[in-house]
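*Asks:* The structure follows.
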Amino acid sequence: MKKKIQNIVFSGTSITLISAMSLFLKTPLANAQKFAKGVVFDPPSNVRVKPNTNSRVLCRITSVKTIDIYPEGKWYHTYTCGHHQEGYIHISQVRLIKSSIPSGAPQ
């Protein structure tokens, strides 16, 4: 794990901060070139904890909605259930928005 160390001076006091961003960003999400937008076009659609249909449902999208996605094969990685809740939605539930399709993404 890479660590970034910064010294900040605040009111004459030196504070050392260690940011370990890799704890908060998973590798696929850290690569901005894989980011895309898609529309959940035929709700309800399940967002699951893992990319398989046997996995627990994290949340349910109940209306047509544009979401941020990160293509990973036949599933899209997304944070649509909440900022710190990563989940997966199947590609059959989402239509990619053409202007946001990253290179190499399934269409």
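*Asks:* Would you say Ile15 is in contact with a Ser or Thr (Cβ under 9 Å, 6 or more places away or on another chain) and modelled with pLDDT under 95?
*Replies:* Numbers: in contact with a Ser or Thr (Cβ under 9 Å, 6 or more places away or on another chain): no; modelled with pLDDT under 95: yes.
Spelling it out, it is not the case that Ile15 is in contact with a Ser or Thr (Cβ under 9 Å, 6 or more places away or on another chain) and modelled with pLDDT under 95.
*Asks:* Continuing with the same structure: Which residues, taken from the range 63-85, are crowded, with 19+ Cβ neighbours inside 10 Å, under 9 Å from the mean Cα position of the chain (by Cα) and either without any contact (Cβ under 8 Å) to a residue 24 or more places away in the chain or not in a strand (DSSP E or B) (or both)?
*Replies:* Thr80
*Asks:* Turning to a different aspect of this structure: Kindly provide the set of residues from the range 87-97 that are closer than 15 Å to Asn52 by Cβ and surrounded by fewer than 21 Cβ atoms within 10 Å (Cβ to Cβ), ordered by number. Even if it seems obvious, please write down each step before you answer.
*Replies:* Quick first cut of the range 87-97, residues closer than 15 Å to Asn52 by Cβ only: 87-93.
Selection gives His90, Ile91, Ser92, Gln93.
*Asks:* Let me ask something else about it. Sort out which residues of the range 22-61 are at pLDDT 95 or above, among the hydroxyl-bearing types (Ser, Thr, Tyr) and loosely packed, with under 13 Cβ neighbours inside 10 Å, and write them in order of number.
*Replies:* The answer is Thr53, and nothing else.
*Asks:* Inside the range 79-92, can you point out the residues that are at pLDDT 95 or above and either touching a Phe, Trp or Tyr at 6+ places or on another chain (Cβ under 8 Å) or among the acidic types (Asp, Glu) (or both)? Before the answer, list the steps.
*Replies:* Here is the first cut: in the range 79-92, the residues at pLDDT 95 or above are 87-92.
Scanning the range 79-92 gives Gly87, Tyr88, Ile89, His90, Ile91.
The values are calculated or read from the model by the stated rules, or taken from the named source; none is laboratory data. Bear in mind the structure is a predicted one, so any value in this text is a computation, not a measurement. Because the Cβ atoms are built from the backbone with ideal geometry, glycine has one as well, and the counts that use them run over all protein chains shown.
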